Amino acid sequence: MTAALQQRVRPLLHGGSHSLANLAVGAAAVAVAARYLAVLFVNAPGYAGVPVSPGLATGVSTAVVAAAAIAVAVTDADPLTGIGLLFVGVFGLLSLVSSAAALPAAAAIVLGTATVAAVAGRRLDLVSAAAVALLVAALSIGLASGVGGWTDHRPVASTVALLGIASTPAFAAADWRSLSTADWGAVIGGLAAFAVVFGIGRAVPFVTGAVTLTGTGVVGTSLPVVALAAAGAVTAASAASRTRRWSLLAGVALVAFAGVPASLPRALPFALGIAVLTAQEGQR
């Protein structure tokens, strides 16, 4: 069905399919970042009266991310990748309509993302493939601990998700050696991020715990792992900005601002971020 839809849509786009997909992914990254900030502002002391609705921000961001997944699905050159992303997008929209669709949506998101990862695995290098496997594992464990009701696995889900975010620099360079030489500025930025997050976490642990819980849904994870995730995200984002690879920057933003994918509003951007990051192979 997706292949037929792609054949009908592409002629209408007249070669602008990649631009449409990139625009949709960029809008999704902005929406997820806005939701992240809205949640932080509402939960910050002294900001109770600010007219920011985290529920509205979450609903809007979920719809935008689901629509972006569908846009990428119908414009992607690989039919299997398109099918996987169509599962993610369609069931993401259904989850907004009825809470009864939560469990089927969770299963569809994992299946669709795993399909995208399997297709990408044929062209990814070993380091990138390991990072993708870690991110897909984080998505699966996260949804199992949240939507699936296996709450005892939430600390594990948080740790795996943060380690997955920490691995995103794998998509920023052909190998770790080239990242450390050509993008030394990005590496320094990542090290600085680690030091800042670790230092703040030691100085004000309760504030740090509140921010990581409300903003990214982290539960029961040690501070060094949180700092490592921040370092990885900053390194990858900095490398993407320095080389003007905006799709890579959007993919990093999606998984980083999504946080622990234990709920559908977090799992959708996490899944789309995985798809965007796997598409970076060959674009370095």
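Structure data summary
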read-out: Taking N as its residue count, the alpha carbon Rg of region 28-154 over 2.2 N^0.38 Å; value: 1.18
read-out: Compactness of region 9-280 as Cα Rg over 2.2 N^0.38 Å, two decimals; value: 0.95
read-out: Nitroxide proxy distance, nm - points 7 Å out along Cα→Cβ at Phe41 and Leu56; value: 1.1 nm
read-out: Ser145 accessible area, 1.4 Å probe, all protein chains in place, Å² to nearest 10; value: 0 Å²
read-out: With all protein chains modelled, accessible area of Thr208 [1.4 Å, Å²]; value: 20 Å²
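The values are calculated or read from the model by the stated rules, or taken from the named source; none is laboratory data. Model, not experiment: these values are computed from the prediction. So basically every Cβ, Gly included, is an ideal-geometry build from the backbone, and we count neighbours across all protein chains shown. Heads up: the accessible areas ignore ligands, DNA and RNA and are worked out on the full protein's heavy atoms, side chains in. Shrake-Rupley method; radii C 1.70, N 1.55, O 1.52, S 1.80 Å.
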